[in-house]
Amino acid sequence: MLEDLAETVRAAPGLRAKRDLDLLARLPGDPAADGDDAAAIAHAGGHLLLCGEAIAPALLHADPFAAGAAAVATNVADIRAMGGRPLGLVDTLVSPDRAHAERVLDGLGWAAELLGVPVAGGHLTIGGEPALSAFCTGTATALLRARDARPGDVLLVAFCLEGRFREGPPPLFTSLRDRSPEQLRDDGEALVEVAERGLCRAARDVSMPGVAGSLLQLLELTDGCGATLELEALPRPDGVAIAQWLVTFPSFGFVLAAPPATADAAIERFTRRGLDCRACGAFDATGVLRLAAGGATADVWDLAAEPVTRPRR
C-alpha cells in the first residue's frame, strides 16, 4: 500500500506541473533560486512580500466564479506561508464576454471580502480566450523561509478540516463557505505568530501537488534535508481516503518545520483557533522524502538523484 501511495504522489498532475519551473533558470539571476511562496524584500525594518498566481485555464472555463475566488485564496495562502499579513491584491483578466467577466469578478470580490484583502486595482480586457492572474503584496516582521528547515526539526502539518470537496483535478477542499469571515481572517494569524515568536523556522502552503508534493518542494529549497511524513498522524477529514487526501488542494493547509523544543507551542497556535495541527514526522539529512505507516516506509523522491523544480543535470 505504501508503495502505491508513493506512486500516487509522484504521478499527481499538480506535482508533475511543477517540474516545468526549471524554465525559470533562463531568467537573469534565477528568480526561482529562493523558491519560497512569496518574494521577500527588506523594507522599513521588516519585509515586503510579493507573490502572484496564474489560474488554471480549465477552472476558468468551467467555473469562472470559483476561479476568481481561487485567485484570491491562493495569493493569501502564499503570503501567510511566509509568516506575513496580506495588504492588497491586483488582478489581470481576459474574458470572452461581459457575462464571463462578471462571474470572475464576483468570485474575486466575494473571496476578498471573506479574507479581508482589498482588490486595489487591475486590468480587464473583454474579447479573447479567458486568462486570469492575480498578484498580492503583504508585510512580515519575521519570515518563515523554506531554506531554514533543519535536520531534527519536527514536521508539523496544519489543516482546516471544516469544509467540503469540489470536483478537480486536483481534488479541491474549501473552507471558505464553512467558516465565518472573522475565523478565516484570523486563521492565517497562526502563521504570523509562529514566525514572530520563533516557534517555527520554515513553512509552505499545501497547494496543487498536495501535502506530500508541497513538502517535497519545501525540501528542495533546504541544504539537503529529507523528511518522513507519518501518514497515521496526518490530519484529514472523516471518511476521506488517504490516497485522495495526499493529492488534495485545500484552501487552508501548511507544512512547517519546528524545533523540537517549540513544536508543542506552535501546534497550540493553530488548535486554539479550531484548526487541526499535528506532529507528522521529522526532518533529516537524507534528501529523501518518505511516507511511513504501520512501521514501514516507502521512498517518494530522492532529490539528490532527481530535482523537482531545478534544471536536470
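The residues packed around S207, meaning those with a beta-carbon under 13 Å from its beta-carbon, carry a net charge of -2 if Lys and Arg are +1 and Asp and Glu are -1.
Take H47: with every protein chain present and a 1.4 Å probe, its accessible area is about 50 Å². Accessible surface ranking for R85, R310, 1.4 angstrom probe, highest first: R85, R310.
Model label sites at A120 and T297, defined 7 Å from Cα along the beta-carbon direction, differ in position by 4.5 nm. Heavy-atom accessible surface of E3, to the nearest 10 Å², is about 110 Å², with a 1.4 Å probe and all protein chains retained.
Label positions at H43 and A99, each projected 7 Å from the Cα along the C-beta direction, are separated by 4.1 nm. Taking all protein chains as shown and a probe of 1.4 angstrom, R103 keeps an accessible surface of around 110 Å². Fully extending the segment from F65 to S180, taken as 0.36 nm per residue of separation minus the present Cα-Cα distance, adds 39.5 nm.
Normalised per residue, the accessible area of region 231-313 is 42 Å², obtained with a 1.4 Å probe and no contribution from ligands, DNA or RNA.
Using C-alpha pairs under 8 Å with a sequence gap of at least 6, the mean separation divided by the residue count of the chain gives a relative contact order of 23 percent. A Förster distance of 22 Å, applied to the separation of the beta-carbon atoms of T271 and R150, puts the FRET efficiency at 0.40. In a reduced charge model with +1 at each Lys and Arg Cβ and -1 at each Asp and Glu Cβ, region 138-179 shows a dipole moment near 100 debye about its Cα centre. Round to a whole number: what % of the accessible area of the chain belongs to carbon and sulfur, probe 1.4 Å? Within the chain, the accessible surface is 53 percent carbon and sulfur. On full extension of the chain, what length is gained from E7 through D106, given 0.36 nm per residue of separation minus the C-alpha to C-alpha distance? That works out to 31.8 nm of additional length.
With contacts taken as Cα pairs under 8 Å at a separation of at least 6 residues, region 69-133 carries a relative contact order of 48 percent. Once the Cα atoms are used to define both axes, helix 64-81 deviates from the longest principal axis of the chain by about 40 degrees.
The average projected area of the chain, computed from the convex hull of its Cα atoms over all directions, is 15.7 nm².
Say R0 is 41 Å: what FRET efficiency, to the nearest 0.05, do A305 and E162 get from their beta-carbon distance? Given R0 = 41 Å and the Cβ-Cβ separation, E is 0.55.
May I ask for the net charge around S95, where only other residues with Cβ less than 15 Å from the Cβ of S95 are counted and Lys, Arg are +1 while Asp, Glu are -1? Don't skip to the end; give the middle numbers.
Working: positive: R98, R103; negative: D63, D91, D97, E102, D106, E129.
Result for the local shell: -4.
Under the simplified labelling scheme, the A261-T141 pair shows an inter-label distance of 2.1 nm, with each label point 7 Å from Cα along Cα→Cβ. Taking 0.36 nm per residue of separation and subtracting the Cα-Cα distance, full extension of the segment from L21 to A58 would add 11.4 nm.
Using the Cβ of L124 as centre and a radius below 15 Å, the other residues enclosed give a net charge of -3, where K and R count +1 and D and E count -1.
The values are calculated or read from the model by the stated rules, or taken from the named source; none is laboratory data. Keep in mind that this is a model prediction, so the values were computed, not measured. Backbone-built Cβ (ideal geometry, glycine too); neighbour counts: all protein chains shown. The protein model used for the area step is the full one, side chains on, heavy atoms only, and it has no ligands, DNA or RNA in it. Shrake-Rupley method; radii C 1.70, N 1.55, O 1.52, S 1.80 Å.
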